[in-house]
Amino acid sequence: MGFLSGLFGKKEEPKRQLDHPSKLDKGDMISLDDSFALPPQLRGQQLRVEAVNTYEYERKQQTEWVLKGHGSDTIFLGLDEDDETYLALSIKVNRGLVEQLFNLEQFSAIFEEPGKAELTTSELSPELATEFEQWLSPQYHQVTFAGFGYFHRQDYRGNKPPQDADGPTGDPFESYQLLDDDEDKAIDIEVYDGGETDVMLTLYRPLSDIRDYWPGA
């Protein structure tokens, strides 16, 4: 038997099956559809998972996959799970861009009670339109006001983040969200201690926009 097993070698380990975004791990790659329905930052891109993070809320956890391709943009992927599951694809925009994309007076109302702000997208320059038009809708309405959570730079799928006050409890933040009338585009805002604020433009897209998966290991 020893001779035979040496002759034929060890059985090859079965490759990890990767057929759904919920199974993505660091180092895996995906390719996106080349449809013109997608903005240029996404269209036909091959993206690698650089990190897997966790958003912890009172009643749920959400996984965030940080994706990088050949371009300079970092893409953030989440899953919007309701009756159906959709990809939530986001890019961050800095304060300078926020000032160009939106009316700042309307934008500041997002952080004021009762949290029912209406937001109109500004008229875009040709350069901004090329880059951001497909990420944006003309009008948004607020649906979340000061939702509390913790952000963990760690993958806690299948586990609860640590609750020990002396251990790593994540970064506390307040979340604000606005949706367009079709509910296929959103503005997601996170405000952290000290006032650091992340503003994300989000698209909700079908799972089929991921055309291929490549396991990293």
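Would you be able to say whether some residue in segment 62-75 is under 30 Å from residue 157 (Cβ atoms) and touching a residue at least 40 places away in the same chain (Cβ under 8 Å)? Checking segment 62-75: at least one residue is under 30 Å from residue 157 (Cβ atoms) and touching a residue at least 40 places away in the same chain (Cβ under 8 Å). Within segment 40-61, being over 15 Å from the mean Cα position of the chain (by Cα) and surrounded by 17 or more Cβ atoms within 10 Å (Cβ to Cβ) holds for one residue alone: 45.
All conditions but one from (1) charged (D, E, K, R); (2) in contact (Cβ under 8 Å) with a residue 40 or more places away in the chain; (3) part of a strand (DSSP E or B) apply to residue 181; the one that does not is (3).
The strands (runs of 3 or more DSSP E) found wholly in segment 20-107 and carrying at least 3 residues that are of a type in the set (Ser, Thr, Tyr) occupy 46-57, 85-93. Criterion applied to 182, 212 was being within 23 Å of residue 30 (Cβ to Cβ) and surrounded by fewer than 14 Cβ atoms within 10 Å (Cβ to Cβ), and the one residue passing it is 212. When residue 143 is tested against (1) assigned to a strand (DSSP E or B); (2) buried (at least 16 other Cβ atoms within 10 Å of the Cβ); (3) not basic (Lys, Arg), exactly one condition is not met: (2).
If you filter segment 62-97 down to residues that are crowded, with 16+ Cβ neighbours inside 10 Å and modelled with pLDDT under 95, you find that the one that is farthest from residue 179 (Cα to Cα) is 69.
In this structure, residue 165 does satisfy being farther than 16 Å from residue 57 by Cβ and either at pLDDT 95 or above or part of a loop (DSSP other than H, G, I, E, B) (or both).
The values are calculated or read from the model by the stated rules, or taken from the named source; none is laboratory data. None of the values given here were measured: they were computed from a predicted structure. When we count neighbours, we look across all protein chains shown, and the Cβ atoms used for this are built from the backbone with ideal geometry, even at glycine.
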